[in-house]
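Trainee: Once you've had a glance at the structure underneath, I'll fire off some questions.
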Amino acid sequence: ASDHEVSDARKLKERGEVFGSNYYAAEAIYGGLKGWRIQVQAEQSAAAAHLAILSGKEGWQPKGSLTDQMPAVASQEELLKIALIKRPDLLAAASQVTMAEVTRRQAGRSLLPDVRAFASLETNTNDFGSNPSNHTFGVAAKLPFGDPAYFARRSKSMAAEEAATQARQNLEDSIRVEVSQAYEAYQGALAGLPVAKETDERAAKSLELFRPLYHSGRQSIIEVLRAEDGSARAPSASL
């Protein structure tokens, strides 16, 4: 539509019926619209590729367009509960805490005695008739008294466990903030949707009014192009 209006304005400019400044300003708006269309097409292709990767299916294509029907969304409390159970980063943090606990318990047991059982059997082959033999068995215990690294090792393992626990708590707090922000942003979008739709309708109505005024010589080509720019961009806010 803008291309058609600009072409008509170019002919009028050549006949001196449209100010050159108005025509070039309108061409600038038209150029912005063309650049925006290229950008939107590139973003659409990138979004489709992203969705295809997430779907895990080759040759995936969208089945339809967005509609006015809103999907069912759980409460903020329920969404947070699901996030705290299923978030993979939180599961990884929990594993780090478990590993730190095991390391701390091992460090605490390093002063326990090392107990080992042993046994041996010897047979004298000089006299097969009586077959004399010697049996030795017992238990050996080592006590690591005077280990200078024990307290440092135990303190280090305790500090690592505290750090892992704190990191997990910080991640839980971050997840709570993310869920809250996403939920409030969604509710804000729902509240603003009627306004966006109304703006879309007004932009289309404005364009309907400007076109006949321009063709009758009572409106500038700039205003027509501005109305077309607004009519083109308004739906994106609704989407």
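Values in this text are rule-based calculations from the coordinates and carry no lab data. It should be emphasised that the depicted structure is a prediction, and the values quoted were computed from it without experimental measurement. Here Cβ is always computed from backbone atoms with ideal geometry, including for glycine, and neighbour counts include all displayed protein chains.
Trainee: I need the peptides 52-65, 222-235, 94-107, 190-203 ranked by packing, meaning the mean over residues of other C-beta atoms within 10 angstrom, with the highest value on top. Provide the component values of the computation, followed by the final result.
Mentor: Numbers: 52-65: 8.7, 222-235: 19.3, 94-107: 15.2, 190-203: 13.7.
Result, highest mean first: 222-235, 94-107, 190-203, 52-65.
Trainee: Using Cα-Cα distances under 8 Å and only pairs 6 or more residues apart, what relative contact order does the range 132-239 have, in percent? Please report the intermediate quantities before stating the final value.
Mentor: On the way: 32 pairs, mean separation 25.5, N = 108.
Worked out over the range 132-239, it gives 24 percent.
Trainee: For an R0 of 35 angstrom, estimate the FRET efficiency from the Cβ-Cβ distance between Ala167 and Ile53 and round to the nearest 0.05.
Mentor: Numbers: r = 30 Å, r/R0 = 0.85.
With a Förster radius of 35 Å, E is 0.70.
Trainee: Gain in length, Arg116 to Gln219, computed as 0.36 nm per residue apart minus the alpha-carbon separation, to one decimal in nm?
Mentor: Working: separation 103, 0.36 × 103 = 37.08 nm, distance 10.12 nm.
Working it through step by step, the gained length comes to 27.0 nm.
Trainee: Take the Cβ-Cβ distance between Ser155 and Leu91 as r, set R0 to 30 Å, and report the resulting FRET efficiency rounded to the nearest 0.05.
Mentor: On the way: r = 28 Å, r/R0 = 0.94.
The value I calculate is 0.60.
Trainee: Right, something else. So what's the gap between the Cα centers of the range 165-223 and the range 57-73, to the nearest angstrom?
Mentor: 20 Å
Trainee: Sticking with this structure for a sec: Taking the Cβ of Arg202 as the center, what net charge do the other residues with Cβ under 13 Å away carry, scoring Lys and Arg +1 and Asp and Glu -1? Show your work: numbers first, answer last.
Mentor: Numbers: positive: Lys197, Lys205, Arg233; negative: Glu198, Asp200, Glu201, Glu208.
Spelling it out: positives minus negatives among the neighbours equals -1.
Trainee: May I ask you to derive the FRET efficiency for Glu208 and Arg176 from their Cβ-Cβ distance with R0 = 35 Å, giving the value to the nearest 0.05?
Mentor: Working: r = 48 Å, r/R0 = 1.38.
Efficiency at R0 = 35 Å is approximately 0.15.
Trainee: Okay, moving on. Using a/c under 1.5 as the rounded threshold, could you call the range 50-107 rounded, prolate or oblate? The axes a ≥ b ≥ c are square roots of the C-alpha gyration tensor eigenvalues, and prolate needs a/b larger than b/c, oblate otherwise. It would help to have the intermediate numbers written out before the result.
Mentor: On the way: a/c = 7.88, a/b = 2.04, b/c = 3.86.
Because a/c hits 1.5 or more and a/b fails to exceed b/c, the range 50-107 counts as oblate.
Trainee: Please list, by residue number, every one of the chymotrypsin sites (Phe, Trp or Tyr not before Pro) in the range 179-239 that is coil in DSSP and has at most 11 other beta-carbon atoms within 10 Å.
Mentor: Working: sites: Tyr183, Tyr186, Phe210, Tyr214; in loops: none.
Answer in residue order: no site qualifies.
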